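Data first, discussion second: the structure below is written as structure tokens.
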Amino acid sequence: MRNETQRIQGADGLRACACLWVVAHHIAMQFDVSQTGWRSIIRIHGALGVAIFFVLSGMLLSLPFWQAALGERSRPKIGSYTMARLSRIVPGYVLCLLACTFLFADRTAATGWRLLASLTFTNWLHWRTFFPTPVNAPLWSISVEVCFYLILPLWAFGLYRTRRIDLGLAYIFGTQLLIVILQRCFLAFNFAATNTALTLDPLHVIAIDWLPAKNPLGLFAHFLFGTAAAGLLVRWPKRETVVTRSSTRLFNIFDVIVLACLAGMAIDIYPKLFPLAGLIQLVDATHVWYMFYHWPLFPALVTGLLVALHHSRCLGRLFDNPAFEWTAKLSYGIYLWHMVVLELLLRHWPGSLTESLIGQVAYVCAAVAITYSLAAASFYFVEQPVMNRLKRRRESTPANPTPSSDRRSPEPGFA
């Protein structure tokens with residue numbers, strides 16, 4: 001994959017699926033969908049969509065660093081890289097954060113400290129500020145994503161010394177092992193707040209439980225699986241093939257791998273589908289590794305899925321259908337605003353969750369339609385103008401003869 005701007009087949013479709021999974025998860029929580037049986041895939045495990053976002057970010061953002069490590073291009077400029085990342089994340093996030101604070105938060109000193117921590121992406125440092133707003137709790141992951149942006153260039157200095165794909169993958173494995181060791185050390189560091197958890201509000205109780213494992217370093221392990229996917233894509237780029245009898249087949253071996261990865265993800269999420277359910281649960285048990293989001297099996301399967309989708313003949317195109325491409329384009333805004341929409345609908349349509357089936361369907365349709373509308377407005381009137389301004393500034397600078405002069409910055413997992 002020598003051309004960084006080359007489109008990664010299937011990535012948009014998987015991003016759209018992750019986004020819709022998170023939205024469905026929060027809708028199911030409001031309807032109090034059963035936590036048992038297959039419904040638990042949405043009610044309990046919908047948060048795994050965030051883990052998919054982290055793997056996607058790792059893959060897309062590490063591509064230029066892999067290419068630099070292998071001598072295919074010059075190293076990315078840290079200043080340009082940082083501005084590109086922040087310009088993509090900050091505008092929509094700040095707008096949503098201020099709106100949530102104004103609409104739903106109390107006018108107290110605690111709210112002010114929480115807002116300041118969130119605006120500086122340091123809210124993850126303490127359980128009282130972990131969730132930026134009491135209503136839009138999913139915003140916690142944005143600061144973690146920004147921390148990934150800061151960690152990646154530092155991690156890449158070690159990658160630059162590998163010079164080979166196999167050594168680079170070994171470096172990823174070594175970093176994963178170090179993170180596991182550090183996570184075990186964090187067990188003794190729970191902010192001495194567990195004993196007072198019952199006197200706190202529900203979000204603080206959740207934050208106390210989440211923070212030891214859902215910190216940027218621990219979640220960087222998921223991001224690293226995405227960097228492994230990028231290394232594999234660089235090692236085996238997709239090439240145009242001469243049309244032969246075999247190349248006209250509808251499926252290829254990578255389509256089979258896609259199906260196998262999807263089946264593995266389903267079994268990992270709902271082990272009762274597989275006779276050896278206990279073994280599956282042991283592999284990614286939180287109490288074993290003290291890592292969230294079914295690490296390491298689930299992100300490993302997402303990694304395989306990303307690589308296989310890019311090389312597949314049929315399923316990658318199926319994932320990148322127009323509806324999913326549109327959803328992927330707006331996915332960041334959908335992620336930011338869907339909880340705001342759900343909360344406002346509940347306040348102004350109080351009986352919607354207990355109405356007839358038709359009323360409940362109308363509620364879900366209204367929530368989805370309004371969320372897409374807000375996401376589109378955010379993208380076209382807030383996010384895209386900032387990105388275009390940065391692009392014009394880059395084009396106005398003197399041409400750089402290095403291979404990275406006209407590279408387009410890859411999108412993060414949430415974009």
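Test of understanding: ordering L250, L219 by Cβ neighbours within 10 Å, fewest first, what list do you get?
Numbers: L250 7, L219 25.
Least to most surrounded, the residues fall as L250, L219.
Counting other C-beta atoms within 10 Å, which of F102, F186, F225 has the fewest, and how do the rest follow?
F102, F186, F225
Which value in nm describes the separation of the simple spin-label points at T122 and V382, placed 7 Å from the Cα toward the beta carbon?
2.4 nm
Sort C17, C261, C185, C100 so the one with the fewest other Cβ atoms within 10 Å of its own Cβ comes first.
Going from sparsest to densest Cβ surroundings: C185, C17, C261, C100.
Taking a threshold of 28 Å on the Cα-Cα distance, which of the pairs K238/K272; K214/K238; K329/K391 fall above it?
Over 28 Å Cα-Cα: K238/K272; K214/K238.
Excluding F104 itself, calculate the net charge of residues whose Cβ lies under 13 Å from the Cβ of F104, where each Lys or Arg counts +1 and each Asp or Glu counts -1.
+1
FYI, it's all coordinate maths here, none of it is from the lab. Small disclaimer: the values here were computed from a predicted structure and weren't measured. Cβ sites come from the backbone with ideal geometry, for glycine too, and all protein chains shown count toward neighbours.
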